[in-house]
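Take a look at the structure below.
The values are calculated or read from the model by the stated rules, or taken from the named source; none is laboratory data. Quantities reported herein were computed from a predicted structural model and do not represent experimental measurements. Cβ placement follows ideal geometry from the backbone for every residue including glycine, while neighbour counts extend to all protein chains displayed. Please note that ligands, DNA and RNA were not included when accessible areas were found on the heavy atoms of the full protein model with its side chains. Shrake-Rupley method; radii C 1.70, N 1.55, O 1.52, S 1.80 Å.
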Amino acid sequence: MKKKHQKTQIILISIGIFLILTTYFFYPYIKKTQFVKDKAAPEDIVKTPDENRETSFENIQYKGIYDLDKTFIVNSEKAHILKEEPDIVYMTNMHVILYLSEGRVVDITSSKGRYNKITYDCFFENNVKANDGDTKIFAENLDLLATENLVNIYNNVKINYSMGSLQADKIDYDFETKYFKVSMFNDKAVKMKVFKWAM
């Protein structure tokens, strides 16, 4: 009978020691590890892209319509679409080829930009260059709105054309007619250089 009591006491003491060790050493260690993981989680989310929020592409191409009857092609080396804005394609090294009447072609490039797959609107940003053969345009921004016959060019605009060159803050330009409307953001004068051709 004594031996049974001793065995029971040893088992109970062992269980007690195990519970004490678990309560005072093992459980706090688990909680601490979990706390550190929880604290680090937001930083991990910021540093690594969330696959559910963004879809990435390489070497993509879209076709659209400008001014109701002119087709254009949009190319990009890299692009991504956010889950919250499924119609907008954010592009890197954006390149648009716009086909005008009379067989003329306009080339527009920029370091980055956005393309709306539904409205066909293109928004070029940073290092914008446009060339229609005769006229060369340089700017920081160019908006090609599909339903309008003018492009909005703004921020450090420079145009070189057969009759001269000009600099302005903002220009509304018609690639078809080659007419443009020049404006400044304040009362500064427009810088313009016109060449007179000898007959």
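Going by accessible area, probe 1.4 Å, with all protein chains left in place, what is the ranking of Thr147, Thr92, largest first?
Thr147, Thr92
Return the long-range amide H neighbours of Tyr66 (sequence gap of 5 or more, or a different chain), with a cut-off of under 5 Å between placed amide H atoms.
Answer set, sorted by chain and number: Thr71, Phe72.
Please check which bits of the stretch 72-115 a label hung off Lys136 would reach, taking the label as a point 7 Å along Cα-to-C-beta and the cut-off as backbone N under 15 Å.
Under 15 Å, as judged by backbone N against the label point of Lys136, lie 107-109 of the stretch 72-115.
Using the Karplus curve 6.51 cos²θ - 1.76 cosθ + 1.60 with θ = phi - 60°, work out ³J(HN,Hα) for each residue of the stretch 69-77 in order, rounded to whole Hz, and write x for Gly and Pro.
Those phi angles translate into 9, 10, 8, 8, 10, 10, 10, 8, 5 Hz.
In the stretch 68-114, which GluC sites (Glu not before Pro) are in a loop and have at most 12 other Cβ atoms within 10 Å, using DSSP for the loop call?
Within the stretch 68-114, the qualifying GluC sites (Glu not before Pro) (loop, at most 12 other Cβ atoms within 10 Å) are Glu84.
Using amide H atoms built 1.01 Å from N in the peptide plane, name the residues 5+ places from Phe175, or on other chains, whose amide H lies under 5 Å from its own.
Sorted by chain and number, the residues that satisfy this are Val151.
Report the label-to-label distance for His5 and Thr55 in nanometres (one decimal), using points 7 Å from each Cα along the Cα→Cβ vector.
7.7
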